[in-house]
Amino acid sequence: MKEKPTKIDHIGIAVMSIEDHLPFYTETLRLPLLKIEEVSSQKVKVAFLEIGESKIELLEPLSNDSPVAGFINKKGEGIHHVALGVKDIETRLQEIKEDGVKAINNTPVPGAGGAEVAFLHPKSTGSVLYELCEKK
């Protein structure tokens with residue numbers, strides 16, 4: 001039996017500068033900043049803010065060829081993806097592909113916080129970029 005996602009792990013928001021946007025989240029919304037780190041596999045710097053059992057992830061491109069830079073150039077700053085927490089990401093990714101959903105990542109790649117992640121193509125998901133996310 002196929003397992004459903006366990007939760008919305010985080011919502012990714014593309015920004016040109018984490019530093020410029022952070023005060024809104026930490027001072028206005030009063031969300032605690034958990035950490036800031038670089039994810040070289042995605043060419044981004046990320047900031048995680050806690051909200052309940054989920055997080056908001058601010059994504060700042062580190063180079064012009066970063067997928068997030070391309071997103072911002074095409075659509076502007078804003079919601080980039082919804083990350084779904086899953087167990088056994090490799091099996092879940094294979095099941096989703098067997099259901100006819102196109103994946104951007106055919107195998108999981110390293111994500112922020114030591115997670116393994118895989119993105120599903122928006123053309124297969126109603127124009128929403130979903131990320132499968134498994135934290136070991």
Self-check item: Residue tally, condition over 14 Å from the mean Cα position of the chain (by Cα), within 24 Å of VAL44 (Cα to Cα) and in a loop (DSSP other than H, G, I, E, B), over the range 122-131
Solution: 2
Quiz item: Is there a residue being at pLDDT 95 or above, touching a His at 6+ places or on another chain (Cβ under 9 Å), of a type in the set (Val, Ile, Thr) and surrounded by 13 or more Cβ atoms within 10 Å (Cβ to Cβ) anywhere in the range 76-84?
Solution: yes
Self-check item: Subset of the range 1-45 (residues that are surrounded by fewer than 14 Cβ atoms within 10 Å (Cβ to Cβ), within 28 Å of ILE96 (Cα to Cα) and in contact with a helix residue (DSSP H, G or I) (Cβ under 8 Å, 6 or more places away or on another chain))
Solution: LYS2, GLU3
Quiz item: Considering only residues of the range 95-114 that are touching a residue at least 40 places away in the same chain (Cβ under 8 Å) and closer than 19 Å to VAL46 by Cα, which is surrounded by the most Cβ atoms within 10 Å (Cβ to Cβ)?
Solution: ALA112
Quiz prompt | Selection from the range 75-121 of residues that are part of a strand (DSSP E or B), closer than 17 Å to ILE11 by Cα and among the β-branched types (Val, Ile, Thr) | solution = ILE79, VAL82, VAL117
Quiz item: Among the residues of the range 118-130, how many are under 18 Å from LYS4 (Cβ atoms) and hydrophobic (A, V, I, L, M, F, W, C)?
Solution: 3
Practice problem: Hey, could you check the range 22-50 for residues that are outside any strand (DSSP E or B) and closer than 16 Å to LEU62 by Cβ and say which is modelled with the highest pLDDT? | Solution: LYS43
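The values are calculated or read from the model by the stated rules, or taken from the named source; none is laboratory data. The model shown is predicted, which means the values in this text are computed figures rather than measured ones. A quick note on method: Cβ atoms are made from the backbone with ideal geometry, for glycine too, and the neighbour counts reach across all protein chains shown.
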